[in-house]
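The values are calculated or read from the model by the stated rules, or taken from the named source; none is laboratory data. Predicted, not measured: the structure shown is a model, and the values here were computed from it. Cβ sites come from the backbone with ideal geometry, for glycine too, and all protein chains shown count toward neighbours.
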Amino acid sequence: MNIKLITSESVTEGHPDKVCDQISDGILDEMLKKDPESHAAVESFATNGMIVVGGEVRTKEYIQVDDVIRRILKSIGYNGAESGFDCDSVGIMSSLHSQSAEIAQGVDEGSGEHKEQGAGDQGLMYGFATNETKELMPLPITLAHKLSTKLAEVRKKKVLPYLRPDGKSQVTVEYHDGIAKRVETVVIAACHSDKIELAKVRADILAKVIKPVLGKFMDKKTKVYINSTGAFTFGGPAADTGLTGRKIIVDTYGGAARHGGGCFSGKDASKVDRSGAYMARYAAKNVVAAGLADKCELQVAYAIGVAKPVGIYIDTFGTNKYTEEDILKAIEKVFDFRPKAIIDHLELKKPVFLKTAAYGHFGRPEFRWENTDKVEELKKAIK
(Lines give C-alpha, C1' and ligand atoms only; values in the text may rest on other atoms or scores of the structure.)
Protein backbone atom coordinates (compact mmCIF):
# COMPACT_ATOMS: atom_id res chain seq x y z
CA MET A 1 0.00 0.00 0.00
CA ASN A 2 1.28 3.46 -0.97
CA ILE A 3 0.76 5.95 1.90
CA LYS A 4 1.16 9.69 1.32
CA LEU A 5 0.67 12.71 3.55
CA ILE A 6 -0.59 15.84 1.77
CA THR A 7 -0.88 19.16 3.58
CA SER A 8 -2.75 22.38 2.81
CA GLU A 9 -3.24 25.58 4.75
CA SER A 10 -5.82 28.34 4.86
CA VAL A 11 -6.04 31.69 6.62
CA THR A 12 -8.93 33.71 8.02
CA GLU A 13 -10.20 36.98 6.57
CA GLY A 14 -8.31 38.82 9.33
CA HIS A 15 -4.90 37.50 8.32
CA PRO A 16 -2.83 40.52 7.18
CA ASP A 17 -2.27 39.22 3.65
CA LYS A 18 -5.97 38.44 3.27
CA VAL A 19 -6.85 41.90 4.57
CA CYS A 20 -4.82 43.27 1.66
CA ASP A 21 -6.45 40.93 -0.86
CA GLN A 22 -9.88 42.07 0.30
CA ILE A 23 -8.94 45.75 0.11
CA SER A 24 -7.61 45.31 -3.43
CA ASP A 25 -10.70 43.41 -4.56
CA GLY A 26 -13.03 45.75 -2.67
CA ILE A 27 -11.61 48.71 -4.58
CA LEU A 28 -11.98 46.80 -7.86
CA ASP A 29 -15.61 45.93 -7.05
CA GLU A 30 -16.39 49.54 -6.22
CA MET A 31 -15.06 50.58 -9.62
CA LEU A 32 -17.06 47.89 -11.42
CA LYS A 33 -20.27 48.93 -9.65
CA LYS A 34 -19.95 52.40 -11.15
CA ASP A 35 -18.21 51.53 -14.41
CA PRO A 36 -18.26 47.89 -15.62
CA GLU A 37 -15.53 48.75 -18.16
CA SER A 38 -13.05 49.58 -15.38
CA HIS A 39 -9.54 48.16 -15.47
CA ALA A 40 -7.44 47.77 -12.36
CA ALA A 41 -4.26 46.32 -10.93
CA VAL A 42 -4.45 47.36 -7.28
CA GLU A 43 -1.86 46.41 -4.67
CA SER A 44 -2.30 46.90 -0.93
CA PHE A 45 0.11 46.95 2.01
CA ALA A 46 -0.97 46.75 5.65
CA THR A 47 1.20 47.33 8.68
CA ASN A 48 0.91 48.77 12.18
CA GLY A 49 -1.53 51.69 11.99
CA MET A 50 -1.33 52.09 8.21
CA ILE A 51 -2.78 50.92 4.90
CA VAL A 52 -1.02 51.82 1.64
CA VAL A 53 -2.73 51.33 -1.73
CA GLY A 54 -1.03 51.67 -5.11
CA GLY A 55 -1.39 50.54 -8.69
CA GLU A 56 -2.81 51.50 -12.03
CA VAL A 57 -6.50 51.89 -12.86
CA ARG A 58 -8.80 53.09 -15.62
CA THR A 59 -12.34 54.03 -14.63
CA LYS A 60 -14.88 56.74 -15.43
CA GLU A 61 -16.14 57.36 -11.89
CA TYR A 62 -14.43 58.65 -8.76
CA ILE A 63 -13.92 56.05 -6.03
CA GLN A 64 -13.74 57.01 -2.36
CA VAL A 65 -10.86 54.67 -1.53
CA ASP A 66 -10.75 55.56 2.19
CA ASP A 67 -14.41 54.65 2.68
CA VAL A 68 -13.99 51.30 0.92
CA ILE A 69 -10.98 50.38 3.05
CA ARG A 70 -12.59 51.35 6.37
CA ARG A 71 -15.77 49.48 5.50
CA ILE A 72 -13.83 46.31 4.71
CA LEU A 73 -11.74 46.52 7.89
CA LYS A 74 -14.92 46.97 9.93
CA SER A 75 -16.63 43.97 8.32
CA ILE A 76 -13.59 41.81 9.08
CA GLY A 77 -13.68 42.82 12.74
CA TYR A 78 -10.87 45.35 12.97
CA ASN A 79 -13.14 47.91 14.60
CA GLY A 80 -11.43 49.06 17.76
CA ALA A 81 -8.24 49.12 19.77
CA GLU A 82 -9.05 45.75 21.32
CA SER A 83 -9.00 44.11 17.90
CA GLY A 84 -5.43 45.34 17.44
CA PHE A 85 -6.22 47.42 14.33
CA ASP A 86 -8.84 50.16 14.29
CA CYS A 87 -10.74 50.82 11.05
CA ASP A 88 -11.60 54.37 12.13
CA SER A 89 -8.14 55.57 13.11
CA VAL A 90 -5.84 53.68 10.73
CA GLY A 91 -3.83 55.92 8.42
CA ILE A 92 -4.46 55.45 4.69
CA MET A 93 -2.17 56.40 1.80
CA SER A 94 -3.44 55.99 -1.77
CA SER A 95 -1.32 56.27 -4.91
CA LEU A 96 -3.49 54.94 -7.73
CA HIS A 97 -2.57 56.21 -11.19
CA SER A 98 -3.71 55.77 -14.78
CA GLN A 99 -3.17 52.51 -16.62
CA SER A 100 -0.48 52.57 -19.30
CA ALA A 101 -1.89 53.45 -22.73
CA GLU A 102 0.38 50.79 -24.23
CA ILE A 103 -1.34 48.11 -22.15
CA ALA A 104 -4.75 49.58 -22.94
CA GLN A 105 -4.26 49.26 -26.68
CA GLY A 106 -3.60 45.55 -26.22
CA VAL A 107 -6.68 44.82 -24.15
CA ASP A 108 -9.19 47.15 -25.79
CA GLU A 109 -11.17 45.59 -28.59
CA GLY A 110 -10.33 47.25 -31.92
CA SER A 111 -7.03 48.74 -30.69
CA GLY A 112 -3.40 47.84 -31.22
CA GLU A 113 -1.97 45.31 -33.66
CA HIS A 114 -4.75 42.77 -33.02
CA LYS A 115 -8.36 43.93 -33.35
CA GLU A 116 -9.72 41.30 -30.93
CA GLN A 117 -9.46 41.97 -27.20
CA GLY A 118 -6.12 40.54 -26.20
CA ALA A 119 -4.74 39.16 -22.97
CA GLY A 120 -3.70 41.80 -20.43
CA ASP A 121 -0.33 40.13 -19.97
CA GLN A 122 1.68 37.09 -20.88
CA GLY A 123 1.72 34.17 -18.48
CA LEU A 124 0.54 30.68 -17.66
CA MET A 125 -2.41 29.65 -15.52
CA TYR A 126 -3.63 26.34 -14.12
CA GLY A 127 -7.06 24.89 -13.46
CA PHE A 128 -7.61 21.71 -11.48
CA ALA A 129 -10.38 19.39 -10.33
CA THR A 130 -10.58 16.04 -8.58
CA ASN A 131 -13.53 13.86 -7.63
CA GLU A 132 -12.37 13.27 -4.06
CA THR A 133 -14.85 15.83 -2.65
CA LYS A 134 -18.34 16.99 -3.67
CA GLU A 135 -16.80 20.37 -4.51
CA LEU A 136 -14.42 18.54 -6.89
CA MET A 137 -11.56 20.05 -4.94
CA PRO A 138 -8.65 18.41 -3.08
CA LEU A 139 -9.69 17.36 0.42
CA PRO A 140 -6.80 19.05 2.34
CA ILE A 141 -7.56 22.58 1.12
CA THR A 142 -11.31 21.98 1.44
CA LEU A 143 -10.94 21.07 5.10
CA ALA A 144 -8.46 23.87 5.77
CA HIS A 145 -10.89 26.47 4.35
CA LYS A 146 -13.74 25.03 6.41
CA LEU A 147 -11.66 25.35 9.57
CA SER A 148 -10.72 28.97 8.82
CA THR A 149 -14.33 29.79 7.96
CA LYS A 150 -15.44 28.19 11.23
CA LEU A 151 -12.92 30.28 13.20
CA ALA A 152 -14.51 33.42 11.76
CA GLU A 153 -18.03 32.10 12.35
CA VAL A 154 -17.57 31.32 16.06
CA ARG A 155 -15.92 34.73 16.53
CA LYS A 156 -18.63 36.72 14.76
CA LYS A 157 -21.52 34.79 16.30
CA LYS A 158 -19.99 35.30 19.78
CA VAL A 159 -19.65 31.57 20.39
CA LEU A 160 -16.01 32.32 21.18
CA PRO A 161 -16.20 36.12 21.55
CA TYR A 162 -12.63 36.44 22.78
CA LEU A 163 -11.19 35.45 19.39
CA ARG A 164 -9.68 38.13 17.18
CA PRO A 165 -9.78 38.27 13.37
CA ASP A 166 -6.30 36.89 12.62
CA GLY A 167 -6.00 33.13 12.30
CA LYS A 168 -4.67 30.20 10.28
CA SER A 169 -5.42 26.53 9.77
CA GLN A 170 -3.45 23.63 8.34
CA VAL A 171 -4.55 20.07 7.60
CA THR A 172 -2.44 17.01 6.76
CA VAL A 173 -4.46 14.23 5.12
CA GLU A 174 -3.28 10.64 4.91
CA TYR A 175 -3.88 8.97 1.54
CA HIS A 176 -3.83 5.21 0.92
CA ASP A 177 -3.22 4.41 -2.75
CA GLY A 178 -4.54 7.82 -3.70
CA ILE A 179 -7.66 7.65 -1.51
CA ALA A 180 -8.06 10.10 1.41
CA LYS A 181 -8.51 8.09 4.61
CA ARG A 182 -7.93 10.29 7.65
CA VAL A 183 -6.51 13.52 9.02
CA GLU A 184 -3.03 12.90 10.35
CA THR A 185 -2.44 16.41 11.76
CA VAL A 186 -4.44 19.59 12.24
CA VAL A 187 -2.87 22.92 13.14
CA ILE A 188 -4.78 26.01 14.29
CA ALA A 189 -3.40 29.44 15.12
CA ALA A 190 -6.11 31.72 16.49
CA CYS A 191 -5.43 35.18 17.85
CA HIS A 192 -7.32 35.86 21.09
CA SER A 193 -7.72 38.26 23.98
CA ASP A 194 -4.89 38.24 26.49
CA LYS A 195 -7.51 37.94 29.24
CA ILE A 196 -8.27 34.31 28.31
CA GLU A 197 -6.22 31.35 29.50
CA LEU A 198 -4.51 29.33 26.76
CA ALA A 199 -5.95 26.07 28.12
CA LYS A 200 -9.47 27.40 27.60
CA VAL A 201 -8.66 28.62 24.10
CA ARG A 202 -7.34 25.19 23.17
CA ALA A 203 -10.30 23.32 24.65
CA ASP A 204 -12.83 25.65 23.04
CA ILE A 205 -11.27 25.50 19.58
CA LEU A 206 -11.05 21.73 19.71
CA ALA A 207 -14.71 21.45 20.71
CA LYS A 208 -16.25 24.29 18.68
CA VAL A 209 -14.07 24.41 15.57
CA ILE A 210 -11.97 21.32 14.89
CA LYS A 211 -14.31 18.46 15.83
CA PRO A 212 -17.42 19.90 14.10
CA VAL A 213 -15.45 20.39 10.88
CA LEU A 214 -13.22 17.34 10.72
CA GLY A 215 -15.60 14.84 12.29
CA LYS A 216 -15.16 11.41 10.70
CA PHE A 217 -11.68 12.24 9.40
CA MET A 218 -10.25 12.39 12.93
CA ASP A 219 -9.26 9.40 15.02
CA LYS A 220 -7.34 8.76 18.24
CA LYS A 221 -4.02 9.11 16.43
CA THR A 222 -4.77 12.51 14.88
CA LYS A 223 -2.28 15.08 16.12
CA VAL A 224 -3.76 18.45 17.14
CA TYR A 225 -1.72 21.63 17.57
CA ILE A 226 -3.54 24.78 18.73
CA ASN A 227 -1.51 27.96 19.23
CA SER A 228 1.54 25.79 19.54
CA THR A 229 3.95 28.65 20.35
CA GLY A 230 2.11 28.99 23.64
CA ALA A 231 0.72 32.47 22.98
CA PHE A 232 -1.09 34.34 20.19
CA THR A 233 -2.56 37.54 21.63
CA PHE A 234 -0.83 40.01 19.31
CA GLY A 235 -1.86 39.59 15.67
CA GLY A 236 -3.22 41.23 12.56
CA PRO A 237 -1.39 43.95 10.60
CA ALA A 238 -0.07 45.43 13.86
CA ALA A 239 2.03 42.30 14.37
CA ASP A 240 2.60 41.06 10.82
CA THR A 241 2.78 43.17 7.68
CA GLY A 242 0.41 42.12 4.90
CA LEU A 243 0.61 42.31 1.10
CA THR A 244 -1.79 41.62 -1.73
CA GLY A 245 -1.15 38.35 -3.55
CA ARG A 246 0.97 36.60 -0.95
CA LYS A 247 -1.45 33.70 -0.39
CA ILE A 248 -1.81 32.34 -3.93
CA ILE A 249 -1.67 28.68 -2.88
CA VAL A 250 -4.34 29.28 -0.23
CA ASP A 251 -6.41 30.94 -2.97
CA THR A 252 -6.21 27.93 -5.31
CA TYR A 253 -5.62 24.22 -4.61
CA GLY A 254 -3.51 24.17 -1.47
CA GLY A 255 -0.44 22.80 -3.23
CA ALA A 256 -2.21 19.72 -4.62
CA ALA A 257 -1.92 21.21 -8.12
CA ARG A 258 0.52 23.49 -9.88
CA HIS A 259 0.27 27.28 -9.94
CA GLY A 260 1.29 29.71 -12.68
CA GLY A 261 2.59 32.25 -10.17
CA GLY A 262 0.26 35.20 -10.75
CA CYS A 263 -2.06 36.36 -7.99
CA PHE A 264 -5.75 37.16 -8.54
CA SER A 265 -6.82 39.91 -6.16
CA GLY A 266 -6.94 43.53 -7.31
CA LYS A 267 -6.92 42.57 -11.00
CA ASP A 268 -9.86 43.05 -13.33
CA ALA A 269 -10.77 40.20 -15.68
CA SER A 270 -8.73 41.51 -18.62
CA LYS A 271 -5.78 40.23 -16.60
CA VAL A 272 -5.61 36.56 -17.60
CA ASP A 273 -3.75 35.74 -14.38
CA ARG A 274 -7.25 35.82 -12.94
CA SER A 275 -9.74 35.15 -15.75
CA GLY A 276 -7.59 32.47 -17.41
CA ALA A 277 -7.24 30.61 -14.11
CA TYR A 278 -11.00 30.83 -13.54
CA MET A 279 -11.72 29.47 -17.02
CA ALA A 280 -9.19 26.67 -16.60
CA ARG A 281 -10.86 25.64 -13.33
CA TYR A 282 -14.29 25.80 -15.02
CA ALA A 283 -13.12 23.50 -17.82
CA ALA A 284 -11.27 21.07 -15.53
CA LYS A 285 -14.24 20.83 -13.18
CA ASN A 286 -16.62 20.04 -16.02
CA VAL A 287 -14.23 17.37 -17.34
CA VAL A 288 -14.28 15.61 -13.96
CA ALA A 289 -18.04 16.14 -13.46
CA ALA A 290 -18.63 14.58 -16.90
CA GLY A 291 -16.68 11.49 -15.86
CA LEU A 292 -14.03 11.94 -18.56
CA ALA A 293 -11.34 11.68 -15.86
CA ASP A 294 -11.20 11.42 -12.07
CA LYS A 295 -8.61 14.17 -11.90
CA CYS A 296 -7.78 16.91 -14.39
CA GLU A 297 -5.22 19.69 -14.53
CA LEU A 298 -5.17 22.22 -17.35
CA GLN A 299 -2.45 24.72 -18.21
CA VAL A 300 -3.34 27.68 -20.42
CA ALA A 301 -0.81 30.29 -21.57
CA TYR A 302 -1.11 33.70 -23.25
CA ALA A 303 0.88 36.42 -25.01
CA ILE A 304 0.07 40.03 -24.10
CA GLY A 305 -2.28 41.68 -26.57
CA VAL A 306 -3.16 38.37 -28.27
CA ALA A 307 -6.61 36.82 -27.82
CA LYS A 308 -6.03 33.15 -28.53
CA PRO A 309 -3.96 31.19 -26.01
CA VAL A 310 -0.49 30.22 -27.19
CA GLY A 311 -0.96 26.80 -25.67
CA ILE A 312 -3.28 24.54 -23.65
CA TYR A 313 -1.96 21.44 -21.89
CA ILE A 314 -3.82 18.69 -20.04
CA ASP A 315 -2.75 16.14 -17.42
CA THR A 316 -5.23 13.62 -16.04
CA PHE A 317 -2.66 11.69 -13.95
CA GLY A 318 -3.65 8.35 -15.49
CA THR A 319 -7.30 8.69 -14.43
CA ASN A 320 -8.62 9.45 -17.94
CA LYS A 321 -11.44 7.36 -19.44
CA TYR A 322 -10.58 8.66 -22.94
CA THR A 323 -7.24 9.67 -24.43
CA GLU A 324 -5.96 13.01 -23.18
CA GLU A 325 -5.79 14.14 -26.81
CA ASP A 326 -9.52 13.47 -27.26
CA ILE A 327 -10.39 15.17 -23.95
CA LEU A 328 -8.38 18.24 -24.94
CA LYS A 329 -10.09 18.37 -28.34
CA ALA A 330 -13.48 18.24 -26.57
CA ILE A 331 -12.42 21.05 -24.21
CA GLU A 332 -11.37 23.23 -27.13
CA LYS A 333 -14.74 22.62 -28.83
CA VAL A 334 -16.77 23.51 -25.75
CA PHE A 335 -14.74 26.25 -24.01
CA ASP A 336 -13.57 29.52 -25.52
CA PHE A 337 -10.39 30.72 -23.81
CA ARG A 338 -10.17 34.10 -25.52
CA PRO A 339 -10.31 36.88 -22.87
CA LYS A 340 -13.51 38.54 -24.13
CA ALA A 341 -15.30 35.19 -24.33
CA ILE A 342 -14.20 34.33 -20.79
CA ILE A 343 -15.34 37.68 -19.43
CA ASP A 344 -18.72 37.46 -21.16
CA HIS A 345 -19.46 33.85 -20.26
CA LEU A 346 -18.32 34.05 -16.64
CA GLU A 347 -19.87 37.53 -16.21
CA LEU A 348 -16.65 39.02 -14.93
CA LYS A 349 -17.61 42.66 -15.36
CA LYS A 350 -19.86 42.29 -12.33
CA PRO A 351 -18.56 43.25 -8.85
CA VAL A 352 -18.10 39.66 -7.63
CA PHE A 353 -14.47 39.77 -6.58
CA LEU A 354 -14.47 40.85 -2.94
CA LYS A 355 -16.21 37.60 -2.02
CA THR A 356 -13.37 35.62 -3.59
CA ALA A 357 -10.66 37.31 -1.53
CA ALA A 358 -10.98 35.08 1.55
CA TYR A 359 -11.50 31.32 1.89
CA GLY A 360 -10.55 30.41 -1.66
CA HIS A 361 -11.53 31.27 -5.21
CA PHE A 362 -12.56 27.70 -6.06
CA GLY A 363 -14.92 25.06 -4.69
CA ARG A 364 -17.60 27.62 -3.78
CA PRO A 365 -20.96 27.33 -5.58
CA GLU A 366 -21.69 31.07 -5.59
CA PHE A 367 -19.16 31.65 -8.36
CA ARG A 368 -20.04 31.28 -12.04
CA TRP A 369 -16.85 29.35 -12.85
CA GLU A 370 -17.89 26.62 -10.42
CA ASN A 371 -20.93 25.62 -12.51
CA THR A 372 -20.96 22.19 -14.14
CA ASP A 373 -23.26 23.27 -16.96
CA LYS A 374 -20.98 22.03 -19.75
CA VAL A 375 -21.09 18.35 -18.82
CA GLU A 376 -23.48 17.26 -21.56
CA GLU A 377 -21.67 19.29 -24.21
CA LEU A 378 -18.38 17.65 -23.27
CA LYS A 379 -19.91 14.18 -23.42
CA LYS A 380 -21.27 14.87 -26.89
CA ALA A 381 -18.01 16.47 -28.05
CA ILE A 382 -15.92 13.47 -27.12
CA LYS A 383 -18.06 10.86 -28.90
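Just a few scattered comments:
- When VAL224, VAL213, VAL272, VAL250 are screened for being under 17 Å from the mean Cα position of the chain (by Cα), within 24 Å of HIS192 (Cβ to Cβ) and of a type in the set (A, V, I, L, M), only VAL250 passes.
- Leading residue by the ranking (surrounded by the fewest Cβ atoms within 10 Å (Cβ to Cβ)) among those in region 35-73 that are basic (Lys, Arg) and modelled with pLDDT under 95: LYS60
- Of the residues making up region 216-231, not a single one is buried (at least 24 other Cβ atoms within 10 Å of the Cβ), closer than 17 Å to LYS168 by Cβ, in contact with a helix residue (DSSP H, G or I) (Cβ under 7 Å, 6 or more places away or on another chain) and among the aliphatic types (A, V, I, L, M).
- Filtered residues of region 58-100 (kept if among the aliphatic types (A, V, I, L, M), in a strand (DSSP E or B) and out of contact with any helix residue (DSSP H, G or I) (no Cβ under 9 Å at 6 or more places or on another chain)): MET93
- Test result for THR316, without any contact (Cβ under 8 Å) to a residue 40 or more places away in the chain and in contact with a Cys (Cβ under 6 Å, 6 or more places away or on another chain): yes
- Here is the figure for region 298-311: residues that are under 16 Å from GLY262 (Cα atoms) and either touching a Ser or Thr at 6+ places or on another chain (Cβ under 8 Å) or part of a strand (DSSP E or B) (or both) total 6.
- For TYR322: the one exception among (1) without any contact (Cβ under 8 Å) to a residue 40 or more places away in the chain; (2) assigned to a loop (DSSP other than H, G, I, E, B): (1)
- When restricted to residues that are surrounded by 19 or more Cβ atoms within 10 Å (Cβ to Cβ) and under 20 Å from VAL68 (Cβ atoms), region 338-351 contains 1.
- Which listed residue, of ASP194, ASP204, ASP273, is among the acidic types (Asp, Glu), at pLDDT 95 or above and farther than 30 Å from LEU32 by Cβ: ASP204
- Checked against the criteria, VAL187 does not count as of a type in the set (A, V, I, L, M), touching a helix residue (DSSP H, G or I) at 6+ places or on another chain (Cβ under 6 Å) and within 28 Å of ILE248 (Cα to Cα).
- Residue match in region 285-297 (condition: in contact with a strand residue (DSSP E or B) (Cβ under 9 Å, 6 or more places away or on another chain), touching a residue at least 12 places away in the same chain (Cβ under 8 Å), in a helix (DSSP H, G or I) and of a type in the set (Gly, Ala, Ser)): yes
- Qualifying residue in region 330-340 (condition: charged (D, E, K, R) and either more than 23 Å from GLY262 (Cβ to Cβ) or in contact with a Pro (Cβ under 9 Å, 6 or more places away or on another chain) (or both)): yes
- Filtered by the rule that a residue be within 14 Å of HIS15 (Cα to Cα) and of a type outside the set (S, T, N, Q), region 156-202 gives LEU163, ARG164, PRO165, ASP166, GLY167, LYS168, ILE188, ALA189, ALA190, CYS191, HIS192.
- Just one of (1) out of contact with any Leu (no Cβ under 9 Å at 6 or more places or on another chain); (2) modelled with pLDDT under 95; (3) surrounded by fewer than 19 Cβ atoms within 10 Å (Cβ to Cβ) fails for ILE249. It is (2).
- LYS267 among the basic types (Lys, Arg) and under 14 Å from the mean Cα position of the chain (by Cα): yes
For every residue, the table says whether it meets (1) assigned to a strand (DSSP E or B); (2) in contact (Cβ under 8 Å) with a residue 40 or more places away in the chain.
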position	(1), (2)
ASP121	no, yes
ALA129	yes, yes
LYS134	no, no
ARG155	no, yes
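- Counted residues, region 279-299 - those being under 21 Å from the mean Cα position of the chain (by Cα), surrounded by fewer than 24 Cβ atoms within 10 Å (Cβ to Cβ) and farther than 15 Å from LYS379 by Cβ: 3
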